[in-house]
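Peer 1: Questions regarding the structure given below will be posed in turn.
Throughout, read-outs are computed from the coordinates displayed, never taken from laboratory work. Remember, predicted model here, so these are calculated numbers, not experimental data.
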Amino acid sequence: MRNLVEDEVRYVLTVSDVNDEAPNFLNSQPLRATLASDAKRGQEIITLTVTDEDNTPDSERRYTLEFKDTSTIFSFENSGPQIVIAGKKVAEVVVKYDGQINLITGQTYDNTIELIDSASNRREVLLTVFIGVAGPRIQTFPDPLRVPEEASLNHRIYKVEVDHGSTNLFFEIPEDPSGLFSINSLSGELFVKEIIDADVSGVNLIYRIKIQVTEVDSSKEDSQTVVIP
């Protein structure tokens, strides 16, 4: 009787990710910016940060940015190669004023920006540009804005971003029924000033606070109410 020899053959299967994820904006949304009425051609308005979740080689990462309204007075300019932010490879693109018309203080320009990848997956975001000194405007908060479970006393949970050129700003929290949060009046950094019990008697708590920013020189202000689960 012949001896049978059993061989083990192993195969390595390589699976490539298809380009099925739409690219995304990492900016707070909606996009809002202020442009002086005497702005010159080429004036930078806002920097867009975009990324793609598809696991494709860097050489295949191609984005196209388009304005839905082709009569727009703004244009795009790639600010350089991809960089890494929060563990993601991203590209940065600057929106600039192209100087086609005379700007009038008080006017507002809205346009939808489309972000399209090589497989025609797309994402849209609305850009609103205020002409003149419109005062400070708080950028939209992340949804939701969460406090980490391991947050300790005076844990920094967020920095409030403002669309405005002035650095003479004052931040405050005029409404905080819980009394659990504080904000640095100069930097806009939001902190937990008391330990938060994430679960009281089996009920998850939700906190609602109002954050306000005031431009000291003009007394112009803006405020937003944020929900913290």
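Peer 1: 5 Å is the cut-off here: which amide hydrogens, built 1.01 Å from N in the peptide plane, fall below it relative to Leu31, excluding neighbours closer than 5 in sequence?
Peer 2: The answer is Leu126, Thr128.
Peer 1: Right, next: Take the residue pairs Lys40/Lys210; Lys40/Lys68; Lys68/Lys210 and return only those whose Cα atoms are more than 29 Å apart. It would help to have the intermediate numbers written out before the result.
Peer 2: Details: Lys40/Lys210 36 Å; Lys40/Lys68 24 Å; Lys68/Lys210 34 Å.
Beyond 29 Å: Lys40/Lys210; Lys68/Lys210.
Peer 1: Turning to a different aspect of this structure: Under 5 Å between amide hydrogens, which residues at least 5 positions from Phe181 or on another chain qualify, with H placed 1.01 Å from N in the peptide plane?
Peer 2: Counting only residues 5 or more places away or on other chains, the set is Lys193.
Peer 1: Convert each backbone phi in the stretch 211-223 into a coupling constant with the Karplus relation 6.51 cos²θ - 1.76 cosθ + 1.60 (shift: θ = phi - 60°), then list the ³J(HN,Hα) values in order as whole Hz, x for Gly and Pro.
Peer 2: Once θ is set to phi - 60°, the couplings for the stretch 211-223 become 10, 10, 10, 10, 7, 4, 5, 10, 6, 6, 9, 8, 8 Hz.
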